[in-house]
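For reference, the structure discussed in these notes is given below.
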Amino acid sequence: MNKQSVLVLGYVWPEPNSSAAGSHLLSQLKLFLKQGWQVTFASPAQMGEHKIDLNQFGIEQVHIKINCSSFDEFLLELSPTIVLFDRFMLEEQFGWRVAKHCPTALRILDTEDLHSLRNARHQALKHQSKVDLNSEMAKREIAAIFRCDLSLIISDYELELLKNYYGVPQHLLIHCPFMLEATTLSNPGDTFISRQHFISIGNFRHEPNWDAVLWLKQKIWPSIRKRLPKAELHIYGAYPPPKATQLHNPKQGFLVNGWASDAKQVMQQARVCLAPLRFGAGIKGKLAEAMTCGTPNVTTQIGTEGMQFGQAWPGLVTDLTQCVDLNYAAEQLANNAVKLYQDQVLWKKSQELGYSLLAQNFDTQTIENRVMAKVEEALNDLGEHRKKNFIGQMLQHHHLKSTQYMSQWIEEKNK
């Protein structure tokens, strides 16, 4: 294949040490670089304090504006072969411009996770109602998937949901979970005795993580601490707000430490990782990192979703759908945490299961080959690929008109 030019439009600038989404996006950028392709990363977002310098990888960094025709000029000059949208909101904002000015560019959507599914589960939890899969956000997100030529789906659960519930054709979807190198696995010699305390980790700007921290503070940790009075819970995550740091209480062993410059190091020192997630979507970077570091975990069915592949879980799981209420669920999570923390045989078995699960399902080369096979197939006959997606063509037609006129109106208003 001839050398391609790839434009990646980012919702935020990648922060691989702050979030799983940032790490996953960096893996995709590296995949394009491996093909010998020219890669440009552009974003309208402000640069965060933990942003990685993409120039070190040979990736050009460009700041772009929304609702501005300067992007059209940038696009025409770059003339990319492939455009990847990071999250559906970027496809909504820039997709019509790409379709208009670079109609032969392969358009790929990286969903990260299904935002509409995460939001629907959050709303269901708040209002004690059923999960609404037909929300306005779902309609927007699924429309963006149809408008693109390919979409990267991180979870096999979401892959089946898209095919069976929303009717998205298989040829538009690529299963692309975390791409992990086997060499990143810790030394299996890490011992139960040499580790101590609990860890919980996750970006505080991600609502499921903040909800989990609150639940730990109010219900789960007091129950654990009562039975393990010398144990500590170390909580890490980027961008902790004042309401989070105010929860820091050394007397209770509840330590809010903020951002970890080396997440692997602090994960490897802990005996058990706690991830009591009550809602969410996609797959969980914190649990992949825990497995990588040989740290068994205690989580919920939300935590294991898209990561288990029918195999035994490397830790203990509380299925919230089987719990009579949240107090009962909190007690079950606390019981599992104490059990895993004290049972050396169970702990060691869980550690080994984690290594095995990663090696069998998250191998970089296997996933890269799958992604590139689909990308090259679509590039080689893009016209035929699009013919099989009439709904996408129809949505693209209407989207081009409505979004184009709205954007142009905003641009004129701003002048």
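The values are calculated or read from the model by the stated rules, or taken from the named source; none is laboratory data. Keep in mind that what you see is a predicted model, and the values were worked out from it rather than measured. Counting neighbours? That spans all protein chains shown, and the Cβs are built from the backbone with ideal geometry, glycine included. Please note that ligands, DNA and RNA were not included when accessible areas were found on the heavy atoms of the full protein model with its side chains. Shrake-Rupley method; radii C 1.70, N 1.55, O 1.52, S 1.80 Å.
Residues that are open to solvent by 30 Å² or more (accessible area, probe 1.4 Å) and part of a helix (DSSP H, G or I) were ranked within the range 82-95; the one that is nearest to residue 206 (Cα to Cα) is 89.
The number of residues in the range 153-168 that are closer than 16 Å to residue 374 by Cβ and either among the hydroxyl-bearing types (Ser, Thr, Tyr) or open to solvent by 40 Å² or more (accessible area, probe 1.4 Å) (or both) comes to 2.
Among the listed residues 166, 157, identify the single one that is at pLDDT 95 or above, within 27 Å of residue 397 (Cα to Cα) and under 22 Å from the mean Cα position of the chain (by Cα). Every option except 166 fails the conditions. The single condition among (1) in contact (Cβ under 8 Å) with a residue 40 or more places away in the chain; (2) in contact with a helix residue (DSSP H, G or I) (Cβ under 6 Å, 6 or more places away or on another chain); (3) at negative phi that residue 112 does not satisfy is (3).
Might you let me know whether the range 16-23 holds any residue that is open to solvent by less than 30 Å² (accessible area, probe 1.4 Å), on the phi < 0 side of the Ramachandran plot, in contact (Cβ under 8 Å) with a residue 60 or more places away in the chain and not in a helix (DSSP H, G or I)? Looking for residues that are open to solvent by less than 30 Å² (accessible area, probe 1.4 Å), on the phi < 0 side of the Ramachandran plot, in contact (Cβ under 8 Å) with a residue 60 or more places away in the chain and not in a helix (DSSP H, G or I), one finds at least one in the range 16-23, hence yes.
Scanning the range 250-284 for residues that are in a helix (DSSP H, G or I) and either within 19 Å of residue 333 (Cβ to Cβ) or touching an Asp or Glu at 6+ places or on another chain (Cβ under 8 Å) (or both) returns 252, 263, 264, 267, 268. Pairing each residue of the range 39-68 that is of a type in the set (Val, Ile, Thr) with any residue that is open to solvent by 70 Å² or more (accessible area, probe 1.4 Å) and part of a loop (DSSP other than H, G, I, E, B), provided the two are 6+ apart or on different chains, yields C-beta distances under 8 Å for 52/17.
Please count how many residues of the range 139-161 are closer than 30 Å to residue 100 by Cα and free of Cβ contacts under 8 Å to residues at least 24 places away in the same chain. The total comes to 2.
In the set (1) surrounded by 13 or more Cβ atoms within 10 Å (Cβ to Cβ); (2) at pLDDT below 90; (3) within 28 Å of residue 284 (Cβ to Cβ), the condition left unmet by residue 30 is number (2). All told, residue 131 falls short of being of a type outside the set (Ser, Thr, Tyr), part of a loop (DSSP other than H, G, I, E, B), touching a Leu at 6+ places or on another chain (Cβ under 7 Å) and without any contact (Cβ under 8 Å) to a residue 60 or more places away in the chain. Taking the condition more than 16 Å from residue 356 (Cα to Cα) and surrounded by fewer than 24 Cβ atoms within 10 Å (Cβ to Cβ), does residue 311 pass? Judged against the criteria, residue 311 is not a match. For the range 81-110, filtering for residues that are under 14 Å from the mean Cα position of the chain (by Cα) and either aliphatic (A, V, I, L, M) or within 12 Å of residue 140 (Cβ to Cβ) (or both) leaves 3. Just for the range 171-189: of the residues that are open to solvent by less than 20 Å² (accessible area, probe 1.4 Å) and not hydrophobic (A, V, I, L, M, F, W, C), which one is modelled with the highest pLDDT? Per the stated criteria, the residue is 177. Restricting attention to the range 64-81, the residues that are acidic (Asp, Glu) and open to solvent by 30 Å² or more (accessible area, probe 1.4 Å) total 2. Here residue 77 passes the criteria (1) part of a loop (DSSP other than H, G, I, E, B); (2) over 30 Å from residue 200 (Cβ atoms) except the one numbered (1). Applying the criterion of being buried (at least 24 other Cβ atoms within 10 Å of the Cβ) and of a type outside the set (A, V, I, L, M, F, W, C) to the residues of the range 96-124, the residue that is farthest from residue 20 (Cα to Cα) is 107. Once the range 291-308 is narrowed to residues that are of a type outside the set (Ser, Thr, Tyr) and within 17 Å of residue 220 (Cβ to Cβ), the residue that is most open to solvent (accessible area, probe 1.4 Å) is 301. Every condition in (1) more than 22 Å from the chain's Cα centre (by Cα); (2) of a type outside the set (Asp, Glu); (3) outside any loop (DSSP other than H, G, I, E, B) is met by residue 247 except one, and the failing one is (3).
For the range 1-14, a tally of residues being of a type outside the set (S, T, N, Q) and open to solvent by less than 20 Å² (accessible area, probe 1.4 Å) returns 7.
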